[in-house]
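Data first, discussion second: the structure below is written as structure tokens.
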Amino acid sequence: MSKNEIIEQLDKYVAPFRITTGKGFRLKDFDPRDTCGLQLDKAEANELLKRGIEWLAKEQDLLYAENRWSLLLIFQAMDAAGKDSTIKHVMSGLNPQGCQVFSFKQPSDEELDHDFLWRHVKCLPQRGRIGIFNRSYYEEVLVVRVHPDLLKAQRLPAPCLSKDIWNERLSDIAHFEKFLARQGTVVLKFFLNVSRNEQKKRFLERLDKPGKHWKFSVSDVRERGYWSDYMRAYEEAVRATASERAPWFVVPADNKWFTRLMVAAAVVETVEQLHLSYPRVSPQKMKELRAIRAVLAREH
């Protein structure tokens with residue numbers, strides 16, 4: 001199978017979950033259990049993922065060498081949807097020198113003294129690098145929207161706290177991502193779409209396994225009470241910010257193997273479309289290299 005045929009196969013599975021326009025988007029149309037008809041055992045899924053990781057590693061090498069584009073991968077999800085494990089598995093073959101991962105927690109006092117994008121702008125990937133945001137500026141229109149009391153800590157002037165603040169922030173985000181695209185940063189946004197029942201199952205597994213107790217917090221369960229509010233907030237975020245140059249991928253997350261395959265496929269397919277190549281070596285440089293080879297060949 002040729003490379004183009006492989007890309008076409010990847011797109012067949014990725015396309016149903018790629019959102020490039022918010023018009024008509026409804027989160028309820030996306031089933032967290034969907035696997036596009038794929039029926040794979042663990043070994044088969046792992047083998048496919050391994051191939052994807054190897055391909056991504058090659059593309060990363062080209063990205064780094066060409067040093068023109070940068071790639072920003074944003075992961076958003078409810079707790080226990082598998083963000084950490086997806087990042088760990090899909091990005092396991094990347095060269096750490098060309099990859100930067102940031103997990104955004106509760107903002108510090110210094111960060112609260114700046115605009116809501118400031119701490120994220122500081123962490124944007126350099127040219128030739130892959131940046132990964134584990135949660136991102138979207139928290140400002142998700143968790144802060146669900147818990148508007150958090151706005152108080154941001155000390156915004158009264159005129160800036162209008163009833164349209166969420167639409168204004170979504171507009172700011174959309175324009176920010178358009179700006180990034182114009183500067184050569186490819187933005188891919190992944191919402192790992194886990195069901196409420198599957199989240200409950202994973203929470204219980206954490207409680208049953210001492211090695212996972214550290215990942216559990218009482219607040220995780222408390223947030224389940226706001227599930228509908230979060231789903232509405234996610235839906236509004238996708239509607240307002242999905243675009244051709246900064247698409248959302250609403251990835252089914254009830255089956256972790258499928259989640260990982262889809263994320264890997266989406267990244268590989270996108271980077272492949274950049275048509276990356278190694279920098280051309282000038283004739284003068286080739287002459288220098290031949291001279292160096294000759295010197296090395298004469299060594300005893």
### Query
What number of residues within the stretch 139-196 are in a helix (DSSP H, G or I), more than 18 Å from T270 (Cα to Cα) and of a type outside the set (D, E, K, R)?
22
### Query
Which of (1) under 30 Å from L124 (Cβ atoms); (2) at pLDDT 95 or above does W227 not meet, given it meets every other one?
(1)
### Task
Quick one: count up the residues across the stretch 154-184 that are touching a residue at least 12 places away in the same chain (Cβ under 8 Å) and of a type in the set (S, T, N, Q).
3
#### Entry: Scope the stretch 56-92; condition buried (at least 21 other Cβ atoms within 10 Å of the Cβ) and aromatic (F, W, Y); matching residues
F75
### Task
Looking only at the stretch 214-233, count how many residues are surrounded by 10 or more Cβ atoms within 10 Å (Cβ to Cβ) and either over 26 Å from the mean Cα position of the chain (by Cα) or assigned to a loop (DSSP other than H, G, I, E, B) (or both).
3
#### Entry: Residue in the stretch 18-25 that is modelled with pLDDT under 90, surrounded by fewer than 14 Cβ atoms within 10 Å (Cβ to Cβ) and in a loop (DSSP other than H, G, I, E, B) present
no
#### Entry: Residue satisfying all of: in the stretch 39-55; of a type outside the set (D, E, K, R) and in a helix (DSSP H, G or I); surrounded by the fewest Cβ atoms within 10 Å (Cβ to Cβ) among these
A43
### Query
Which residues, counting only those in the stretch 30-41, are at pLDDT 95 or above and either of a type in the set (F, W, Y) or more than 21 Å from the chain's Cα centre (by Cα) (or both)?
F30
### Message
Is it the case, given these coordinates, that Q60 is part of a helix (DSSP H, G or I) and at pLDDT 90 or above?
### Response
yes
### Flag for L170 being over 30 Å from N67 (Cβ atoms), within 20 Å of the chain's Cα centre (by Cα), modelled with pLDDT of 90 or more and surrounded by 12 or more Cβ atoms within 10 Å (Cβ to Cβ)
yes
### Query
Out of the residues in the stretch 244-258 that are touching a strand residue (DSSP E or B) at 6+ places or on another chain (Cβ under 9 Å) and in a loop (DSSP other than H, G, I, E, B), which is surrounded by the fewest Cβ atoms within 10 Å (Cβ to Cβ)?
R245
### Query
Does L38 satisfy the criteria of being among the hydrophobic types (A, V, I, L, M, F, W, C) and more than 14 Å from V263 (Cα to Cα)?
yes
#### Entry: Single residue of E299, E288, E269, E223 found to be out of contact with any Lys or Arg (no Cβ under 9 Å at 6 or more places or on another chain) and within 30 Å of G93 (Cβ to Cβ)
E269
### Top-ranked residue in the stretch 104-131 [being surrounded by 13 or more Cβ atoms within 10 Å (Cβ to Cβ), in a loop (DSSP other than H, G, I, E, B) and of a type in the set (K, R); ranked as nearest to the chain's Cα centre (by Cα)]
R129
### Message
When the residues of the stretch 262-279 are narrowed to those that are touching a strand residue (DSSP E or B) at 6+ places or on another chain (Cβ under 9 Å) and assigned to a helix (DSSP H, G or I), which ends up surrounded by the most Cβ atoms within 10 Å (Cβ to Cβ)?
### Response
M262
### Query
Which of the residues spanning the stretch 42-65 are farther than 11 Å from Y278 by Cα and of a type in the set (D, E)?
E44, E47, E54
### Given (1) touching a residue at least 60 places away in the same chain (Cβ under 8 Å); (2) among the acidic types (D, E); (3) in contact with a Ser or Thr (Cβ under 8 Å, 6 or more places away or on another chain); (4) under 30 Å from D113 (Cβ atoms), number of the condition E244 does not satisfy
(4)
### Task
Please name all residue pairs, on different chains or six or more residues apart, with Cβ atoms under 6 Å, provided the first residue is in the stretch 200-229 and is touching a residue at least 60 places away in the same chain (Cβ under 8 Å) and the second residue is outside any loop (DSSP other than H, G, I, E, B).
R206/K212; R206/K215; Y226/V146; W227/R196; D229/V146
### Task
Mind counting the residues in the stretch 143-156 that are at pLDDT 95 or above and surrounded by fewer than 13 Cβ atoms within 10 Å (Cβ to Cβ)?
1
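The values are calculated or read from the model by the stated rules, or taken from the named source; none is laboratory data. It should be emphasised that the depicted structure is a prediction, and the values quoted were computed from it without experimental measurement. Backbone-built Cβ (ideal geometry, glycine too); neighbour counts: all protein chains shown.
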